[in-house]
Amino acid sequence: MKTIKNIGQFTLFCAEHAFKGGKIFWGWIFFLVFLASMGLFTYIEQWRKGMVTTGLSDQVSWGLYVANFTYLVGVAAAAVMLVVPAYIFHHKEAKRVVILGEALAVAACVMAILFVSVDMGRPDRIWHFTPFLGKFNWPSSLLTWDVIVLTGYLLINLCLPGYILYHDYYDSKADQRIINGVALLSMFWAISIHTITAFLFVSNTARPFWHSALSAPRFLASAFTSGPAFIIMTFALLHKVKIFHIGWNIINLLAIIVSIAMQINLVMLVAELFTELYNAGAHSASAQYLFLGLKGYHNLVPIIWTGILLNLGAAILLMVKKTRENHKILFLACAMAVVGVWIEKGPGFVIPGYIPTPIGEIFEYAPTQVEVQVSLGILAIGGLIFTLMLKTLIPLKAHELGTNTSSHG
Amino acid sequence: MTKNKQIQDKAKRLSLKILGLGAAVGAGALASDSTGYPATNPEKEWGEHFQSHYTKMSPEEVKEAVARLERRYKSQYDKEIKVATTPPKEHVLFGYALNITRCKGYRECVKACTEVNNQDKNPNMEYIRVLELDRGTFNLEEASHYYSAEKEVPAPGKFYLPIQCHQCENPPCVATCPVEATWKEPDGIVVVDYNWCIGCRMCMNACPYWARRFNWRNPNLPKDKINPDTHYLSNRPREKGVMEKCTFCLQRTRKGEMPACQAACPTGARVFGNLLDPKSEIRWVLENKTVFRLKEDLNTQPKFWYFSD
């Protein structure tokens, strides 16, 4: 009984802090609610009229939505880069901020799930997934695997910090064995969500651009680039506006992770470019379309090279100690990596898989305004979740540390 | 400041914030703009939303589901449409062979297919794609998909390769469907339950023959273009957001008729039949002609062969 009351009180405390803030905070929330509602109303249009309102076609049947989904799964997986040093190696600073990484994972998971949902032709039939009532084609269908690992990862990232914070709040002792066990599980789980998302594509033998053993490792490398890069940017901002003192130690550690992951990612890119283009046969038509253009069609060429240049630039800035440790340049490099990886792994990976079609037709794709607005709406929902979670977590962590950080109203 | 006033103040601030959020939602609605496509969604009985998977329904439930569909089609299209549930015959496995020497690229098969299968019209959804290739090559990526219908065919120096669903024995589309909305019937035909498909398009990614089509909108099916002779698993009218495909005209072939594409072919290039019947024409072709299958290396084991004279 007491536990239930305690949980209630704890939830109340969290909710109270989530909605406390000044003009800037409410301005930011207003902006996000605007985008989210625009996305929602646009989605209603898509729902009523069908997916003809998107730029998708029988030729290119996945586009911007799935591109965002793929990218965000990677961002979610990146929380593991804080979980491991915090819980396994007991890195002090990592321990203080790991919860922010987990909050990001939650927001990214929710966005990923929303992006898959808006890409479905019949989201009203989602109950067909439920065992017994519906039919769940596991283990044959990779999408069922993705449903399992994504919801599982979402739960892990809600429960682990929830468990720790609850005990922190009441100054009671959390069971370290439970924490270690779940942290270890979340480590493997993070790898699995991204590997399985890659397998969603790799399993299609008819599409040689995706059907490559390198796809899953490249997904991981790019995830461990863009995820921590995004975390660095959030940390730097929080630090800058003096909401939460992060400590540059952990930021520098993350910067090294981003730097190494980006270098591995680029090595794999070169390997892929060589394999696809040195003896360019029919199997490399998609890669030719992406990097060089094919038979006069080259919508993606300027986009992918922008992405590659951004990644290359970020890699150089991160490799050199002097620029990496300059916090302004680090911020810039991280922003470059976030955008560069989005291009490379979002549209740069999903779309060329469809061009040409398995029977050789070239039909290009460009997203419509509907897709762009719905995507912005989902990103705003993720932003809302992340913001509100941060608002709750920071005073909680302050409470734990006994430091007096702001919770101004 | 009295406590009362404090509470009043708090309430005032809160209501301002709520008003602000409301304004944000309203502004979002205005910014969402309209797309110009018509929304013509059929009215459905509740039962249709909650009916089970075709293979999970009892015979009574199937009967109910069919009656419900026929009622809906009647009110939607103002026309009596029969939905059959003819089961597969025993000892029948359908197969197809196509003589590429005889095919002249007239695309009569494409036309006939759209006339009997109730696909989306204008632009027409087509299950069969006829490729025009240069003689001396077999590279699909060099093929012409949209050779002009006005130009005379066969064009000099060209040959023609019609592609449709190959009804694979090891279908990757079936393996990849998360909800088993598509499956292989005992007579070898890969079908879709249009009331079960969730529209994720995984099967579309998996198909090596680009044989699957998606309803990006509610199909445009004028009353006079409807074929009222339909089957639950093939040509009954579809709705938006679901997948469909060639079923070798299951509504005809299970009754012993020819598929529409074969019936329409003016050159007799198409041979359809029961692979388990040693006296069938298709068996004669497989045993006496040099046949090949498209992308056989992918191990999907298509039941669609090509041969030449």
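The values are calculated or read from the model by the stated rules, or taken from the named source; none is laboratory data. Here the structure is a predicted model, which means the values were calculated and not measured. Don't worry about glycine lacking a Cβ; one is built from the backbone with ideal geometry, like all the others, and counts go over all protein chains shown. What goes into the accessible areas is simple: the full protein's heavy atoms, side chains included, and nothing from ligands, DNA or RNA. Shrake-Rupley method; radii C 1.70, N 1.55, O 1.52, S 1.80 Å.
Of the residues that sit in the range B:164-183 and are more than 14 Å from the chain's Cα centre (by Cα) and hydrophobic (A, V, I, L, M, F, W, C), which one is farthest from B:Arg270 (Cα to Cα)?
B:Val179
Exactly one of (1) more than 25 Å from B:Ala206 (Cα to Cα); (2) away from every other protein chain (no Cβ under 14 Å); (3) open to solvent by 20 Å² or more (accessible area, probe 1.4 Å) is unmet by A:Leu379. Its number?
Exception for A:Leu379: condition (2).
Could you list, in sequence order, the residues of the range A:133-176 that are open to solvent by 20 Å² or more (accessible area, probe 1.4 Å), more than 10 Å from chain B (Cβ to nearest Cβ) and polar (S, T, N, Q)?
A:Thr151, A:Ser172, A:Gln176
Look through B:Glu239, B:Glu169, B:Glu180, B:Glu244 and report the one residue that is away from every other protein chain (no Cβ under 14 Å), out of contact with any Asp or Glu (no Cβ under 6 Å at 6 or more places or on another chain) and not basic (Lys, Arg).
The unique qualifying residue is B:Glu169.
Does B:Tyr209 satisfy the condition of being modelled with pLDDT of 95 or more and touching a His at 6+ places or on another chain (Cβ under 6 Å)?
For B:Tyr209, the condition - modelled with pLDDT of 95 or more and touching a His at 6+ places or on another chain (Cβ under 6 Å) - is met.
Quick one: would you say B:Pro38 is within 14 Å of another protein chain (Cβ to nearest Cβ) and under 30 Å from B:His145 (Cα atoms)?
yes
Mind listing just one residue for me: the one in the range B:127-160 that is within 24 Å of B:Lys245 (Cα to Cα) and more than 10 Å from chain A (Cβ to nearest Cβ) and, of those, surrounded by the fewest Cβ atoms within 10 Å (Cβ to Cβ)?
Residue satisfying both the conditions and the ranking: B:Ala149.
State whether the residues of the range B:200-222 include one that is at positive phi and either touching a residue at least 40 places away in the same chain (Cβ under 8 Å) or away from every other protein chain (no Cβ under 14 Å) (or both).
Checking the range B:200-222: at least one residue is at positive phi and either touching a residue at least 40 places away in the same chain (Cβ under 8 Å) or away from every other protein chain (no Cβ under 14 Å) (or both).
Tell me, which residue of the range A:20-45 that is open to solvent by less than 30 Å² (accessible area, probe 1.4 Å) and more than 8 Å from every other protein chain (Cβ to nearest Cβ) is farthest from A:Trp210 (Cα to Cα)?
A:Gly22
Test of understanding: among A:Phe224, A:Phe219, A:Phe201, A:Phe209, which residue is touching a Pro at 6+ places or on another chain (Cβ under 8 Å) and crowded, with 21+ Cβ neighbours inside 10 Å?
Answer to the check: A:Phe209.
Would you check if A:Ala229 is part of a helix (DSSP H, G or I) and in contact with a His (Cβ under 8 Å, 6 or more places away or on another chain)?
no
When the range B:181-207 is examined, which residues are found to be surrounded by 23 or more Cβ atoms within 10 Å (Cβ to Cβ) and more than 23 Å from A:Met51 (Cβ to Cβ)?
The one that is surrounded by 23 or more Cβ atoms within 10 Å (Cβ to Cβ) and more than 23 Å from A:Met51 (Cβ to Cβ): B:Ile189.
Among the residues of the range A:48-69, count how many are assigned to a helix (DSSP H, G or I), out of contact with any Gly (no Cβ under 7 Å at 6 or more places or on another chain) and modelled with pLDDT of 95 or more.
So the count comes out to 6.
Go through (1) of a type in the set (D, E, K, R); (2) exposed (fewer than 13 other Cβ atoms within 10 Å of the Cβ); (3) within 27 Å of A:Ala380 (Cα to Cα) one by one and return the number of the condition B:Lys17 breaks.
Failing condition for B:Lys17: (2).
Restricting attention to the range A:117-132, report how many residues are of a type in the set (A, V, I, L, M) and facing chain B (nearest Cβ under 8 Å).
Final tally of qualifying residues: 2.
May I ask you to list the residues in the range B:106-116 that are surrounded by fewer than 23 Cβ atoms within 10 Å (Cβ to Cβ) and either assigned to a loop (DSSP other than H, G, I, E, B) or of a type outside the set (S, T, N, Q) (or both)?
Residues satisfying the conditions are B:Tyr106, B:Arg107, B:Glu108, B:Val110, B:Lys111, B:Ala112, B:Glu115, B:Val116.
Can you tell me which residue is farthest from the other protein chains (Cβ to nearest Cβ) among those in the range A:58-97 that are free of Cβ contacts under 8 Å to residues at least 60 places away in the same chain and not aromatic (Phe, Trp, Tyr)?
Among those that are free of Cβ contacts under 8 Å to residues at least 60 places away in the same chain and not aromatic (Phe, Trp, Tyr), it is A:His90.
Please indicate, with yes or no, whether at least one residue in the range A:230-237 is farther than 23 Å from A:Gly346 by Cα and out of contact with any helix residue (DSSP H, G or I) (no Cβ under 6 Å at 6 or more places or on another chain).
yes
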